[in-house]
Structures are given as C-alpha cells and as structure tokens.
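Reviewing the structure listed below.
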Amino acid sequence: MALQSVLQCFFAVCLFSTPSKGELESDASSVIQLSHSLGSRPFEPRGQINVRSLKSGSVNIQQDSSYDWKDYKEAAEANEFYHLEAFVKYNGIERTFLTSTKACLLYESQLADIITIHVDLLGNIYGVSVATPHSQQCTGTVPEFEPNFNTTVLISYMEHGPVPDVAMYVQKVEQEKVAKERGETKDNRSFIAKYWMYIVPLVLVFMMSGASNPEQPAR
C-alpha cells in the first residue's frame with residue numbers, strides 16, 4: 001500500500017472518530033414515555049422519564065404500575081414476558097423501542113427493575129432496555145407486595161473502539177518499499193508456490209495428451 005493511501009485511511013479514521021462522554025455533540029433534554037404489558041395483554045401507560053442532561057446523567061422518572069400484584073403473579077406462573085415500550089422524543093426525532101424480560105424475574109424482584117438508556121457518541125438515544133437485579137432462576141416464593149415500581153435509570157455511553165497504530169504501519173510499509181528497491185527482500189516460498197503458474201499448464205497438457213492417445217489393448 002502506498003504512503004498516500006495509508007494517510008487517506010488515517011484521515012478516514014480521524015473523520016469517523018467521535019467525541020467522548022464529556023464531549024457529546026448534543027445534550028438537549030428529552031422525554032421518554034413508558035408503556036408496559038404482561039404477556040399478550042394490550043399496552044398500558046406506565047409513566048415517563050424526563051432526561052434533563054445526558055452529559056451529567058440528570059434524569060427524573062414518574063410512573064405507576066397500573067397492574068395488581070396478582071397480575072404479575074399470574075404472568076410469572078404462566079412463564080410469560082413483561083414488555084416495556086419506550087417512546088422517545090429527542091432532537092426533533094421520535095423513536096419507539098421495545099424491550100422485554102421474564103415476568104417471573106420482575107415479580108420476584110417485587111418490581112425492582114433497571115431501565116438503561118443507550119446513547120451513542122454523538123448524543124443520540126439509540127436504545128432503551130429493561131432488566132432486573134434478580135438474574136437467577138425463578139423460584140416462585142414471593143410474598144404479597146405493593147405493586148409499586150422501584151426503578152433505577154442508567155445511561156450507557158458508547159465507547160471508542162481500539163485505534164490502529166498508523167505510524168507503525170506507515171513505517172513498516174516504507175521499510176518494505178526501500179528493501180524491495182534495494183533487492184534485499186527474500187522470497188521464502190517453496191518451488192511449487194513460486195512457479196505454479198508454469199507447472200499447472202504442463203500437467204494439464206500431459207493429462208490431455210494421455211487422454212487423447214489411450215493405449216491400445218493387447219491382442
């Protein structure tokens with residue numbers, strides 16, 4: 001690869017490099033409307049999350065269960081799923097995200113859940129997910145409780161991937177280029193690997209000549 005091409009690749013990496021958490025390009029406030037459902041039931045309003053700042057992680061949640069504890073118990077015993085729908089208004093864009101977890105996990109945690117808002121490095125919300133602190137197998141032994149959510153809201157920031165060592169690669173390319181010009185490079189390939197393009201046609205010629213002149217059977 002020529003030095004110019006390598007530098008072009010380097011500039012492309014720079015152009016696609018995005019700010020870190022503290023340098024989000026956008027930090028506008030947003031509202032996330034929450035709806036939820038047990039099993040195949042229709043979605044019902046659950047509440048909303050007011051995001052004041054993604055940079056500082058300032059959020060406020062207002063919500064109500066709208067289901068009785070028996071509803072959660074029945075869904076858990078039926079091995080159904082709890083579904084959460086998040087309607088996001090952010091930067092003039094409206095998106096809807098759907099996430100689910102097992103109803104028995106939510107039931108046995110007594111409605112203690114974790115809602116995570118996923119944010120890319122440009123400051124855009126690209127996902128909302130729900131989980132529970134209870135991540136083991138459901139046991140089914142839960143006393144009656146008040147169906148009030150105890151929710152923790154987290155913001156998950158996308159991180160940079162590893163950056164290639166472009167300087168070392170450019171240096172290696174230049175060294176190989178100079179070595180080739182001086183004739184210092186050695187070809188360690190085998191004889192067949194070097195001259196296969198000459199060997200293969202000869203083999204084919206011999207095979208075709210043998211097929212066209214079969215030996216006559218002895219009389």
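Looking only at region 136-154, which residues are modelled with pLDDT of 85 or more and either in contact with a Pro (Cβ under 6 Å, 6 or more places away or on another chain) or over 12 Å from ILE115 (Cβ atoms) (or both)?
First, pick out the residues of region 136-154 that are modelled with pLDDT of 85 or more: 143-154.
Correct list: PRO143, GLU144, PHE145, GLU146, PRO147, ASN148.
If you go through region 46-65, how many residues are on the phi > 0 side of the Ramachandran plot and either surrounded by 16 or more Cβ atoms within 10 Å (Cβ to Cβ) or of a type in the set (Val, Ile, Thr) (or both)?
Here the count works out to 1.
Can you name the residue in region 86-110 that is on the phi > 0 side of the Ramachandran plot and of a type in the set (S, T, N, Q) and, of all such residues, is nearest to the chain's Cα centre (by Cα)?
Start the filter on region 86-110 by keeping residues that are on the phi > 0 side of the Ramachandran plot, which leaves 91-92, 110.
Going one step further and asking which of them are of a type in the set (S, T, N, Q), we end up with 91, 110.
Working: ASN91: 23, GLN110: 30 Å.
The qualifying residue nearest to the chain's Cα centre (by Cα) is ASN91.
From the list TYR157, TYR107, which residue is at pLDDT below 90 and of a type in the set (Phe, Trp, Tyr)? Working first, answer last.
Working: TYR107 fails: at pLDDT below 90.
Testing whether each residue is at pLDDT below 90 and of a type in the set (Phe, Trp, Tyr) leaves just TYR157.
Between a residue in region 60-75 that is more than 19 Å from LYS102 (Cβ to Cβ) and any residue that is among the acidic types (Asp, Glu), which pairs come within a Cβ distance under 6 Å, given they are 6 or more apart or on different chains?
SER66/GLU44
Return yes when PHE145 is part of a loop (DSSP other than H, G, I, E, B) and either open to solvent by less than 60 Å² (accessible area, probe 1.4 Å) or over 17 Å from PHE43 (Cβ atoms) (or both) and no when it is not.
yes
The values are calculated or read from the model by the stated rules, or taken from the named source; none is laboratory data. These figures come from a predicted structure and were not determined experimentally. Cβ coordinates were reconstructed from backbone atoms using ideal geometry, including for glycine residues, and neighbour counts include every protein chain displayed. What goes into the accessible areas is simple: the full protein's heavy atoms, side chains included, and nothing from ligands, DNA or RNA. Shrake-Rupley method; radii C 1.70, N 1.55, O 1.52, S 1.80 Å.
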